[in-house]
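Notes to accompany the following structure.
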Amino acid sequence: MTLITTLFFMVVTVLAIAPHLGPSVVGAHKGGGGGYLYPQFYDHSCPRAQEIVKSVVAQAVAKETRMAASLLRLHFHDCFVKGCDASLLLDSSGTIISEKRSNPNRNSARGFEVLDAVKSALEKECPGTVSCADIIALAARDSTVLAGGPSWEVPLGRRDSRGASLSGSNNDIPAPNNTLPTIITKFKLQGLDLVDLVALSGSHTIGFSRCTSFRQRLYNQTGNGLPDSTLDPSYAAQLRTGCPRSGGDQNIFPLDPASPAHFDNNYFKNIIYSKGLLNSDEVLFSKSLKTMELVKLYAQNNDLFFQQFAISMVKMGNISPLTGEKGEIRKHCRKINTY
Ligand code: HEM
Ligand SMILES: *[C@@H]1O[C@H](CO)[C@@H](O)[C@H](O)[C@H]1NC(C)=O
Ligand SMILES: *[C@@H]1O[C@H](CO)[C@@H](O)[C@H](O)[C@H]1NC(C)=O
């Protein structure tokens, strides 16, 4: 073959293979402002930024292991509402109604003080430079690593919103009792596919859920007065002792009782044994052949889970970022700048 035809076939091969590789693993992604996110964004403007985030997050997780899970979840709840723009971090004030009041976040989302501490350390080092949205993305990565999970390079350069959306937070973040088709649709609206859904749900390998988030499964799943048939009966009985029919809403239970503080693929093994805690976990196995196959795959192959988790986290982190002249770099993550 001539050089030209060889090159031609190489290009055709890459194009043919690329879709099967799933999401792009390239570090730069187009943003909402026509700009791009890339890992080196702060290399000149704030060279120690990543190191500072990591050190504050590590201190917080050393104090309380669960904080790794809580910080990871904040990135998800930020990105699914108007993109990864730190809208989640704004407190109510003036015309802003905080997303912290939404159904998914109220009495549940936590870790805001840790992000405040990161921000204040970064403002001392390089004022007005590192966005709150990037801090959340870095904290989610560092938390995953601290819990024993995979690492990845975080594309950076997101800017912060000047508003929040309570309705977006209520509607766009999946609820634990949503049907699988509804959950799939909510992911699709963010540009995330079935592979991303199953891999990212693997976050439930760490952290806790409140009784109120899964009680329905224990007592009256379909309105016939019976527990969820896809929940292991002895596990259900055990859960009922701490999660009564009424009261105890805020009692907490590990999402992955096998290893609650360790980021691993036990979450997928639990699901196969009908021991997924949330309805949204178990439906991945019981309501679709495609997602079931992925659950089995990740249960069998931890490396594959870690690889895909990293890819899907980058993809989630790229949801509609504000770049260029859009948004701002907040001075405090809880409030928009005043000029
Ligand atoms: C697939 C749809 C999802 C649903 C329905 C869902 C729902 C939930 C619920 C109900 C809880 C317990 C909250 C509480 O009771 O206080 C929870 C916890 C958690 N979620 Fe999800 N989640 C989903 C996807 C994700 C994704 C994509 C991530 C991260 C990438 C994530 C990370 C976490 C973490 C780490 C926790 C534990 C938080 C802590 O201990 O503070 N979840 N999730
Ligand atoms: C899901 O849970 C919410 C809040 O507890 C409840 O209002 C709603 O009726 C539940 N939906 C279904 C389909 O069970
Ligand atoms: C189960 O839920 C249905 C519909 O929400 C309700 O009519 C019924 O009384 C409940 N049964 C029990 C035993 O709580």
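Read-outs throughout are calculated quantities, based only on the coordinates presented, and are distinct from any laboratory measurement. None of the values given here were measured: they were computed from a predicted structure. Every residue, glycine as well, gets a Cβ built from its backbone with ideal geometry; the counts of neighbours run over all protein chains shown.
Treating the beta-carbon of each Lys and Arg as +1 and of each Asp and Glu as -1, no other charges, what is the dipole magnitude of the chain about its Cα centre, to the nearest 20 debye?
The calculated dipole for the chain is roughly 680 debye.
Just from its helices, what would the mean residue ellipticity at 222 nm be for the chain, if runs of 4 or more DSSP H residues each count -39500 (n - 2.57) and the sum is divided by every residue, rounded to the nearest 500 deg cm²/dmol?
One gets -14000 deg cm²/dmol as the mean residue ellipticity at 222 nm.
Evaluate E = 1/(1 + (r/R0)^6) for residue 170 and residue 251, where r is the Cβ-Cβ distance and R0 equals 22 Å; express this FRET efficiency to the nearest 0.05.
E between residue 170 and residue 251, to the nearest 0.05, is 0.40.
Take the Cα radius of gyration of segment 115-232 and divide it by 2.2 N^0.38 Å, with N its residue count; two decimals is plenty.
For segment 115-232, the normalised Cα radius of gyration is 1.37.
Counting other C-beta atoms within 10 Å, which of 315, 290, 124 has the fewest, and how do the rest follow?
With the fewest neighbours first, 315, 290, 124 line up as 124, 290, 315.
Please report the relative contact order for segment 44-114, taking Cα pairs under 8 Å with a sequence separation of at least 6, and give it as a percent rounded to a whole number.
Contact order relative to length: 26 percent.
Under 10 Å, Cα contacts only: if you run a Gaussian network model on the chain, which one of 115, 297, 192 comes out with the highest mean-square fluctuation?
So, out of 115, 297, 192, the one fluctuating most is 297.
Counting other beta carbons within 10 Å of each Cβ, put 119, 296 in order, fewest first. Walk me through the numbers before you get to the answer.
Values: 119 23, 296 15.
Exposure proxy ranking, most exposed first: 296, 119.
Pairs of Cα atoms under 8 Å, at least six residues apart: use those to get the relative contact order of segment 248-339, whole percent.
Values: 53 pairs, mean separation 16.9, N = 92.
Relative CO of segment 248-339 lands at 18 percent.
Which FRET efficiency value, to the nearest 0.05, is calculated for residue 290 and residue 129 with the Förster distance at 30 angstrom and r the Cβ-Cβ distance?
It comes out at approximately 0.10.
Output needed: Cys residues of the chain lacking any neighbouring Cys C-beta below 4.7 Å, sorted by number.
That list is empty.
For a label point 7 Å from the Cα of residue 65 along Cα→C-beta, name the residues of segment 280-309 whose backbone N is under 11 Å from it.
none
Which residue, chosen from 81, 112, 223, occupies the Cα position most advanced towards the positive end of the dipole of the chain, where the dipole is computed from +1 (Lys, Arg) and -1 (Asp, Glu) charges on Cβ about the Cα centre?
223
Mind checking which aspartates and glutamates have their C-alpha under 15 Å from residue 315, skipping anything on the same chain fewer than 8 residues away?
Partners found: 78, 85, 134, 153, 193, 196.
For residue 96, what residues show an amide H to amide H distance below 5 Å, using hydrogens built from the backbone and excluding near sequence neighbours?
none
For the chain, set up a GNM with springs between Cα atoms under 10 Å and report which of 246, 161, 203 has the largest fluctuation.
Highest fluctuation among the options: 246.
Residues with beta-carbon under 14 Å from that of residue 183, excluding residue 183: net charge, scoring Lys, Arg +1 and Asp, Glu -1? Let's see the in-between values first.
On the way: positive: 186, 188, 287, 290; negative: 172, 193, 196, 281, 282.
Charge balance near residue 183 sits at -1.
Over all directions, average the projected area of the Cα convex hull of the chain and note it in nm².
Quarter of the Cα hull surface area: 19.7 nm².
At 0.36 nm per residue, and after removing the present C-alpha to C-alpha distance, how many nm does the segment from residue 107 to residue 222 gain when stretched out fully?
Gain on stretching residue 107 to residue 222: 38.8 nm.
Would you mind ranking 182, 222 by Cβ crowding within 10 Å, fewest neighbours first?
Fewest-to-most Cβ neighbours within 10 Å comes out as 222, 182.
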